[in-house]
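One structure is given below, encoded as structure tokens.
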Amino acid sequence: MWSRPGIAYLAVFIGVLGHASSEFVAVLSGVSGPEVSSWRFLLGGTGLLLIAMVAVGPGAVLDIWRAEWKALLPLSLAGVTLAYLLFHWALDYATVIQVATLVTTIPILVGIANQIVNRQAVSAVKWLTGGAAVLAVALLVSDGYLSKLIDTRSSLIGVLMALACAALVAFFSVLVRPIIGRHGALPVTALAMFSGGLGLWVVVGIAFGIWVNPLELPGLPAREAWSLLVIALWNTTLTQYLWIGGLAHAPDITRASYLFFLKPAIAAVLAVAILSQPLTLIQVAAIVVICGAVLIEFLYEARQKAKADASAKKTA
């Protein structure tokens, strides 16, 4: 599946689609806060683990866990359990718009994490396009919400939680890449999500007294039940697999992660199509800048590669 670079980038893009639609499904479910994180990753992690066992065999999955658990378990507890607990908990303090702003900085943090961990320098054009995209995201999400951002003092707690979530996800994406390279994206991602989901179930149960029971799902109200299934199987199982697997197999992990900047543009389209919310001129301008930054990144890399190939031919 991952033999061609284009497939890896496409997988990351589909993963972005899942990320961009998760807020809508969460709102429809009527479940919020840490509880929804427990539902998402307990069900989503279990679903992905079952898929991995069918694809590569239960024995192979267990062998990977035995070989890598000392590295994979702490990564899962940090990059899944803690990161997504902070993400959903942040929504109890800050607005969805504020949290979404900081989560969209993950690609920038991936580049920084990659530089710290792997000593891979971040090029000037990546910093330029990344900075432009972050500025555009700020314009997009602050339109109509700036006064709320200033007036709500408690939002600082949520902002810090969201920033911590983004940093944890970024370092997890970089640090898990060698393990995925040795064993494959599907089983490693499944083990990370399943162990991280169990961690969330325990943490939410102990800290908040909410012990999620999957057997109770059929008895929940219809909209809540199917929304939780969608957010688990589509927004979590498939999205996380494609996002992490695509990043792990992309020739340039930083370049691939910049596709995440398309999230606000996709979210805006969903807002118009599903919630019938109009777009303002500021929002349209921000979307153009975000998509333009991603396009410039791809065009620049293609031009540099063409120059290198031409130089190689002349030397030969």
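Filter the range 4-25 for residues that are farther than 15 Å from Pro107 by Cβ and at pLDDT below 80 and give the result.
Listed by number, the residues that qualify are Arg4, Pro5, Gly6, Ser21, Ser22, Glu23, Phe24, Val25.
How about the range 181-221: which of its residues are β-branched (Val, Ile, Thr), over 13 Å from Pro34 (Cα atoms) and at pLDDT 90 or above?
If the condition is that a residue be β-branched (Val, Ile, Thr), over 13 Å from Pro34 (Cα atoms) and at pLDDT 90 or above, then Val188 is the only one that fits.
In this structure, is Leu186 aliphatic (A, V, I, L, M), crowded, with 24+ Cβ neighbours inside 10 Å and under 27 Å from Val110 (Cα atoms)? Reasoning before the result, please.
On the way: aliphatic (A, V, I, L, M): yes; crowded, with 24+ Cβ neighbours inside 10 Å: no; under 27 Å from Val110 (Cα atoms): yes.
When the stated conditions are applied, Leu186 does not pass them.
Within the range 243-258, can one find any residue that is at pLDDT below 75, assigned to a helix (DSSP H, G or I), of a type in the set (Lys, Arg) and closer than 17 Å to Ala100 by Cβ?
No, the conditions are met nowhere in the range 243-258.
Just checking, does the range 196-215 include any residue being closer than 30 Å to Arg119 by Cα and buried (at least 23 other Cβ atoms within 10 Å of the Cβ)?
Yes, because at least one residue in the range 196-215 is closer than 30 Å to Arg119 by Cα and buried (at least 23 other Cβ atoms within 10 Å of the Cβ).
Residues that are part of a helix (DSSP H, G or I), within 17 Å of Arg182 (Cα to Cα) and hydrophobic (A, V, I, L, M, F, W, C): does the range 36-52 have at least one? Don't jump to the end; show me each part of the working.
Going residue by residue through the range 36-52, those that are part of a helix (DSSP H, G or I) are 36-52.
Narrowing the set further to residues that are within 17 Å of Arg182 (Cα to Cα) leaves 52.
Narrowing the set further to residues that are hydrophobic (A, V, I, L, M, F, W, C) leaves 52.
Within the range 36-52 (the criterion being part of a helix (DSSP H, G or I), within 17 Å of Arg182 (Cα to Cα) and hydrophobic (A, V, I, L, M, F, W, C)), the answer is yes, since at least one residue qualifies.
So for the range 82-98 (the condition being within 24 Å of Leu259 (Cα to Cα), of a type in the set (S, T, N, Q) and surrounded by 20 or more Cβ atoms within 10 Å (Cβ to Cβ)), does at least one residue qualify?
Yes - at least one qualifying residue is present in the range 82-98.
Which residue out of Leu139, Leu82 is modelled with pLDDT under 85, at negative phi and not in a loop (DSSP other than H, G, I, E, B)?
Sole residue among the options that is modelled with pLDDT under 85, at negative phi and not in a loop (DSSP other than H, G, I, E, B): Leu139.
Taking the range 8-55 only, how many residues are farther than 28 Å from Ala273 by Cα, among the β-branched types (Val, Ile, Thr) and either touching a Cys at 6+ places or on another chain (Cβ under 6 Å) or in contact (Cβ under 8 Å) with a residue 60 or more places away in the chain (or both)?
Total satisfying the criteria: 2.
Within the range 218-235, how many residues turn out to be within 26 Å of Leu17 (Cα to Cα) and without any contact (Cβ under 8 Å) to a residue 60 or more places away in the chain?
So the answer is 3.
Considering only the range 26-35, how many residues are outside any loop (DSSP other than H, G, I, E, B), modelled with pLDDT of 75 or more and surrounded by fewer than 20 Cβ atoms within 10 Å (Cβ to Cβ)?
1
The values are calculated or read from the model by the stated rules, or taken from the named source; none is laboratory data. Predicted, not measured: the structure shown is a model, and the values here were computed from it. Methodologically, a virtual Cβ is constructed for each residue, glycine included, from the backbone with ideal geometry; neighbour enumeration extends over all protein chains shown.
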